[in-house]
Amino acid sequence: MDNQPTDSSISSYNYIIAGAGCAGLSLLYQILQAPTLEGKTILVLDQNLEKSNDRTWCFWETETSSFEHLVKNSWDKISILAPSFQKELTTAPFTYKMIQGLDYYQFIIENAKQSNNVSWLQAKVLQIESSTNGAIVQYEGGQVYASKVFTSILPFQMHDLLSAQKYSLPHPNIQPFLWQHFKGKVVRFEKSVFKPNIARLMDFNVPQKEATAFMYLLPLNEKEALVEYTIFSETILANTEYDEVIAAYLSKNYPDQSFEIIHEEKGAIPMTQFDFASPSENIYAIGALGAAIKASTGYAFQFIQQQSKHIVHQLVKNKDISTKVHTSRHQFYDAVLLYILQHRKMQGAVIFKKIFEKNEAATVFKFLSNTSTFWEDIQIMRSLPTNIFLPAALHVLLRR
Ligand SMILES: Cc1cc2nc3c(=O)[nH]c(=O)nc-3n(C[C@H](O)[C@H](O)[C@H](O)COP(=O)(O)OP(=O)(O)OC[C@H]3O[C@@H](n4cnc5c(N)ncnc54)[C@H](O)[C@@H]3O)c2cc1C
């Protein structure tokens with residue numbers, strides 16, 4: 001062990017991973033893939049290590065990763081629908097893919113259980129503080145020390161929010177801030193009703209709730225699909241409101257067809273550039289806490305993969321650790337889009353319709369992955385009317 005705490009009664013590790021969700025487990029996986037880090041002791045700490053299928057991750061990529069065998073379904077076409085608008089786009093060279101949360105958690109946990117250096121602790125974390133040459137994690141029932149602590153635990157509990165009827169922002173001064181909140185159901189129809197190779201990325205033909213709202217429909221086969229009502233707004237809806245919209249959508253689009261609901265998921269993702277993590281020595285924020293979520297879209301899975309690989313690269317090279325994933329240029333575009341959405345300078349339905357109307361899916365995916373060239377960025381931004389985009393861009397520039 002490189003840096004022991006002064007109090008020898010505290011268990012010590014090289015690394016503590018606080019929060020074993022997407023980011024914590026992705027980082028664990030990447031550490032265990034690095035031969036140079038073999039032998040490092042790791043404690044994984046979470047308030048609930050009994051993982052469930054609590055979310056489905058979708059993302060796009062051009063190649064295959066170590067998680068390809070976990071891909072439940074993939075699509076090479078997407079569609080965008082809005083009132084009097086419908087467009088199908090091929091995604092090549094990208095493929096849009098889906099991984100179920102539980103498959104991902106189980107794969108990484110099983111893989112890690114083969115290593116003697118990984119310890120597991122189910123406990124609620126109360127505080128994480130820097131200490132001499134490391135950091136101390138206080139949990140209900142004790143404390144542990146490590147040279148480096150990686151945490152994905154947000155200062156507020158997302159799941160507690162979802163039971164609330166209405167939710168006021170945790171930090172009213174945070175600007176911009178929207179929740180991307182949603183409820184999804186996997187439905188199984190008796191008859192074939194879906195086109196399995198087309199992912200319906202956004203269908204704006206749903207109640208907009210004075211915000212930006214769309215249905216996301218991912219067919220798993222001709223009879224089954226994940227149907228998710230998604231809204232970008234400042235407050236979260238009551239559970240029944242999502243249910244009513246999904247029921248109305250299914251009966252309008254697939255009239256007189258009977259179906260059963262086989263799974264449900266719900267969530268709320270913060271869309272903001274506010275930094276929830278307070279910088280402290282030897283404590284590194286990852287995942288949603290570590291700003292891995294793309295503020296204008298809520299996508300995070302691929303950014304979390306990049307962040308984990310980048311951290312491990314720095315650990316291997318013994319470099320100072322940076323967890324930054326988004327380029328400043330793309331953060332600027334995110335801020336502009338978020339400003340337009342939050343202040344309703346233009347309806348979300350119109351923004352996304354214009355972007356997909358005038359661009360190839362691949363260009364949009366590159367833009368949303370922060371890998372577009374400056375010329376491609378201009379192409380995307382030119383899809384929006386100048387009288388909307390320019391004042392918003394100016395506002396964001398002046399606020400910086
Ligand atoms: C339902 C849902 C669907 C999503 N779908 C997509 C998608 O399709 N594509 C995409 O790119 N992104 C998606 N996201 C966004 C993002 O990828 C996920 O939110 C991702 O799980 C974030 O990873 P994380 O590790 O930061 O947080 P989490 O995965 O939420 O992990 C945090 C962990 O911390 C633990 N924890 C919390 N508080 C404490 C505490 N006090 N003590 C101990 N442990 C604690 C939790 O139990 C949890 O295991 C989705 C999010 C949700 C909620």
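The numbers here are math on the coordinates, done by the rules we state, and not lab data. Just so you know, these numbers come straight off a predicted model, no measurement behind them. Cβ placement follows ideal geometry from the backbone for every residue including glycine, while neighbour counts extend to all protein chains displayed.
Calculate I(q)/I(0) for the chain by the Debye formula, one identical point scatterer on each C-alpha and no solvent, and give its log10 at q = 0.08, 0.11, 0.14 Å⁻¹ to two decimals. So the normalised log intensities work out to -0.45, -0.85, -1.33. Anything over 22 Å Cα to Cα? Flag those among Lys97/Lys252; Lys97/Lys266; Lys266/Lys353; Lys77/Lys266; Lys294/Lys324, in the order listed. Distance filter (> 22 Å) returns Lys97/Lys252; Lys266/Lys353; Lys77/Lys266. Seen from Val350, the other residues with C-beta closer than 13 Å to its C-beta sum to a net charge of +4, counting Lys and Arg as +1 and Asp and Glu as -1.
The peptide list 143-152, 338-347, put in order of mean Cβ contacts within 10 Å with the highest first, becomes 143-152, 338-347. Looking at segment 297-379, the pairs of alpha carbons with a distance over 19 Å make up 49% of the total.
Restricting attention to the chain, close to 70% of DSSP beta bridges with both partner residues there are antiparallel. Listed by chain and number, the aspartates and glutamates placed with their C-alpha closer than 14 angstrom to that of Lys124 are Asp46, Glu50, Glu140; residues fewer than eight positions away on the same chain are left out. Taken one residue at a time, the phi angles of segment 281-291 give Karplus couplings (6.51, -1.76, 1.60, θ = phi - 60°) of 4, 6, 10, 10, 7, 10, x, 4, 5, x, 6 Hz. Gly and Pro are set to x. Could you run the Debye sum over the Cα atoms of segment 1-111, one equal point scatterer each and no solvent, and tell me log10 of I(q)/I(0) at q = 0.10 Å⁻¹, two decimals? Here the Debye-derived log intensity ratios amount to -0.46.
Each of Asn48 and Thr36 was given a label point 7 Å from its Cα along the Cα-to-Cβ line. The distance between the two points is 3.7 nm. In this simple spin-label approximation, Asp256 and Thr95 carry label points 7 Å from Cα along the Cα→Cβ vector, and these lie 3.9 nm apart. Expressed as a fraction of 2.2 N^0.38 Å, the C-alpha radius of gyration for segment 345-391 is 1.10. Annotation for Gln106 and Thr297: the two label points, set 7 Å from Cα along the Cα-Cβ direction, are 2.9 nm apart.
Partner aspartates and glutamates whose Cα lies under 13 Å from the Cα of Lys72, excluding those fewer than 8 positions away in the same chain, are identified as Asp103, Glu224.
For Gly287, the residues whose amide H sits under 5 Å from its own are Ala292, ignoring neighbours fewer than 5 places away on the same chain, with H placed 1.01 Å from N. Candidate cross-link partners of Lys113 among the lysines, defined by an alpha-carbon separation under 17 Å and a same-chain spacing of 8 or more, comprise Lys40, Lys51.
Size of segment 160-269 from its Cα atoms: along the principal axes, largest to smallest, the extents are 49, 23, 20 Å.
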